[in-house]
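The values are calculated or read from the model by the stated rules, or taken from the named source; none is laboratory data. All of these numbers come straight from a predicted model, not from anything done at the bench. Note: ideal-geometry Cβ built from the backbone for every residue, glycine included; neighbour counts use all protein chains shown. Accessible surface is based on the protein model in full, side chains and every heavy atom, while ligands, DNA and RNA are left aside. Shrake-Rupley method; radii C 1.70, N 1.55, O 1.52, S 1.80 Å.
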Amino acid sequence: MTEREKVRTLRQAAAYINRVGFCLLFPIKGLPLPSLWAAVKGKPPRGFRLVATSLVAIWDADAERLWHWKDELPRRRLAYYGKYFRARGSLLSLKFLPCFYRLEGNYGRADEYEQLYHEGKISADAHAVSHQLYRHGPLPV
């Protein structure tokens, strides 16, 4: 990745996520998946190895920007954020979100929220929200 190809804006981050389909927010040692951190930092110097188990040791302005983007991307509906890979921050393209949903064993019946509630897998509040969405469709904020 050249200096010009580095991700510098929220829109570029969304485009990167859409191009790769899914990525980690920060890299995980031993898990060879793309990360938004690497896209922001660009190609690491020759011989660079991530030895820290946590990026706290190398927290900088780029890491701070990424931390903000993890909330802003979903808020603007540009990507999905969740703890997906090894329970670590992950960003999924909205195009691929249904695929990941299905991989988790979800099949998306319209009234699936009823079963999930009766099995104790969602809270009463989540059930109430799901019921309203089921009855009325998407609602304005």
Here the residues within the stretch 99-120 that are modelled with pLDDT of 75 or more and either exposed (fewer than 12 other Cβ atoms within 10 Å of the Cβ) or assigned to a loop (DSSP other than H, G, I, E, B) (or both) are 111, 115, 118, 119, 120
Please go through the stretch 66-87 and pick out each residue that is open to solvent by less than 70 Å² (accessible area, probe 1.4 Å) and not hydrophobic (A, V, I, L, M, F, W, C).
70, 72, 74, 81, 82, 84
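Counting just the residues of the stretch 130-140 that are surrounded by fewer than 14 Cβ atoms within 10 Å (Cβ to Cβ) and not in a loop (DSSP other than H, G, I, E, B), which one comes out modelled with the highest pLDDT? Break it down into steps so the answer makes sense when it comes.
Looking only at the stretch 130-140, we keep the residues that are surrounded by fewer than 14 Cβ atoms within 10 Å (Cβ to Cβ), and these are 132-140.
Subsequent filtering for residues that are not in a loop (DSSP other than H, G, I, E, B) retains 132-136.
Details: 132: 85, 133: 79, 134: 78, 135: 82, 136: 78.
The residue in question is 132.
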Among (1) buried (at least 16 other Cβ atoms within 10 Å of the Cβ); (2) part of a helix (DSSP H, G or I); (3) at pLDDT 90 or above, where does residue 91 come up short?
(2)
